[in-house]
Amino acid sequence: MAIFRRLRPRLLQALSRAANPQEALLSLDGFLAGLPAGVQLFSLFEANPPLVDLIVDIAATSPALARHLSRRSGVLDAVIGGDFFAPWPDRAALTAELAAVMAAARDYEGRLDAARRWMKEAHFRIGVHHLRGLVDAEESGAAYADLAMAVVAALWPVLCDDLARRHGPAPGRGAVVLAMGSLGAGRLNAASDLDLIVIYDAAGDDTSLGPRPLGARAWYAKLTQALVTALSAQMAEGRLYEVDMRLRPSGRQGPVATSLAAFRSYQQTEAWTWEHLALTRARVVAGPPALAAEVETFRRDLLPVKGRGPAVLSNVADMRARLQAARPVDGAWEARNGPGRMLDVELLAQTAALRAGAADRGVAAQLRAGVKSGFLAETEAAALARAHALYWRLQAATRLLSDRPLAPEAMGRGGRDFVLRETGTRDAADLASRLAAAAGEADAVISAALARVRAA
């Protein structure tokens with residue numbers, strides 16, 4: 001109590017600076033109540049005065065970050081450590097660091113738990129950096145993607161070695177993990193899941209050679225299932241990521257792992273336009289370098305061929321209509337769904353890359369490829385890029401606050417002020433107005449581009 005009495009003036013001062021002091025006090029109380037017994041938080045506050053401002057800021061703005069902090073009091077040690085606010089490391093450094101952390105664990109399950117602890121601390125760090133304005137939405141999106149890629153890359157050899165111990169080494173040349181969707185594009189938000197495909201090359205080897213040999217297809221199926229479990233299973237330290245593998249050939253009906261020969265054949269002869277659009281954002285994130293290079297070469301060679309197909313634009317128009325019917329605009333702060341909004345812009349950007357036969361994965365780069373190919377005018381690409389940047393800033397901010405859609409009227413004042421700061425808007429009405437204007441302009445550009453090219 002003596003420490004608390006000494007700290008009370010500083011706590012009240014920090015709370016008074018919050019957008020809504022009463023709301024911040026209630027959040028702080030909930031945070032304190034969630035801490036395990038024995039955590040001497042007020043002693044930490046007294047020894048580290050800036051920690052008071054940080055905790056109050058988190059409690060007043062992001063309930064999701066506050067819950068994480070209350071459940072994992074050990075994160076406080078990282079927060080007061082010297083490198084918590086240092087610049088974000090690159091993907092190679094992250095992968096090496098996680099590999100070292102897992103190598104120190106005693107057994108396979110211990111490695112998975114160690115990976116979860118490490119990832120959640122890093123994930124929290126990105127969120128705090130974003131919340132405090134040390135990075136913007138673009139930088140946080142790249143950091144979340146680098147983190148996810150590092151997790152998959154560091155886990156992959158651990159999974160391969162564990163399976164090899166039980167069933168012998170991988171038949172043939174091994175397998176790669178192909179990231180699709182937002183991960184492939186190199187940008188995630190705080191609540192993103194991972195779209196993945198596993199591609200293997202048994203190179204004529206029918207079975208593994210080990211204590212309990214497995215056929216090649218069964219070996220790689222087990223490896224893929226181990227990857228999904230390692231990433232998404234609830235363990236003592238929670239889960240890493242939700243995983244979606246529906247983008248693999250034949251979707252849910254096909255094998256969980258796809259042979260390189262089958263992948264090539266499917267993409268060349270059976271895949272629909274939407275699957276070729278998805279391939280514009282594909283990126284190998286784990287596996288043998290030679291096989292990874294072969295998959296990437298195939299991707300780069302395939303896109304120019306499929307982008308010239310006569311039905312591409314009509315297929316895109318049909319897909320666009322179905323998406324809009326299935327996912328209407330939901331609320332004034334809708335960033336993702338609806339005509340001219342995020343998914344619509346991304347669909348056109350992928351179309352631009354496919355028609356240009358370009359290997360670019362990010363929206364801005366794909367739009368530039370569309371300008372170079374003559375698919376889009378520079379002014380059109382600029383309008384779409386501006387709209388997408390606004391949507392992304394909103395999406396990144398709201399997903400940091402909650403993994404559920406947020407309505408302005410249901411948000412706390414601290415959260416609303418964070419969203420307004422990130423989007424550069426004055427108030428909720430101004431943000432809604434800018435979203436509507438951006439969507440209207442983008443919708444007109446997309447509709448005109450598809451109609452113009454199909455009529456030519």
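Every number in this text was worked out from the coordinates using simple rules, so none of it is lab data. Note that the coordinates shown come from a computational prediction; the quantities given were computed from them, not determined experimentally. Positions of Cβ are backbone-derived with ideal geometry, glycine not excepted, and every protein chain shown enters the neighbour counts.
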Dipole of the stretch 141-306 [Lys/Arg +1, Asp/Glu -1 at C-beta], most positive-end residue of 262, 277, 167: 262
Mind ranking 362-372, 340-350, 399-409 by how tightly packed they are, going by the mean number of other C-beta atoms within 10 angstrom, highest first? 340-350, 362-372, 399-409
Which lysines, on any chain, are close to residue 372 with Cα under 26 Å apart, when same-chain ones fewer than 8 places away are left out? 306
Contour excess over end-to-end distance, with Cα ends at residue 134 and residue 33 and 0.36 nm allotted per residue: 33.5 nm
Packing-based order for 142-154, 91-103, using average beta carbon neighbours within 10 Å, highest first: 142-154, 91-103
Please work out which option in (1) 23.1; (2) 30.8; (3) 20.4 gives mean projected area of the Cα convex hull in nm² calculated from these coordinates, and answer with its label. (1)
Is it possible to state the helix-based mean residue ellipticity at 222 nm for the chain, with each DSSP H run of 4+ residues giving -39500 (n - 2.57), the sum divided by total residues, to the nearest 500 deg cm²/dmol? What is it? -21000 deg cm²/dmol
Restricting to the chain, compute how many DSSP beta bridges are antiparallel as a %, nearest 5. 70
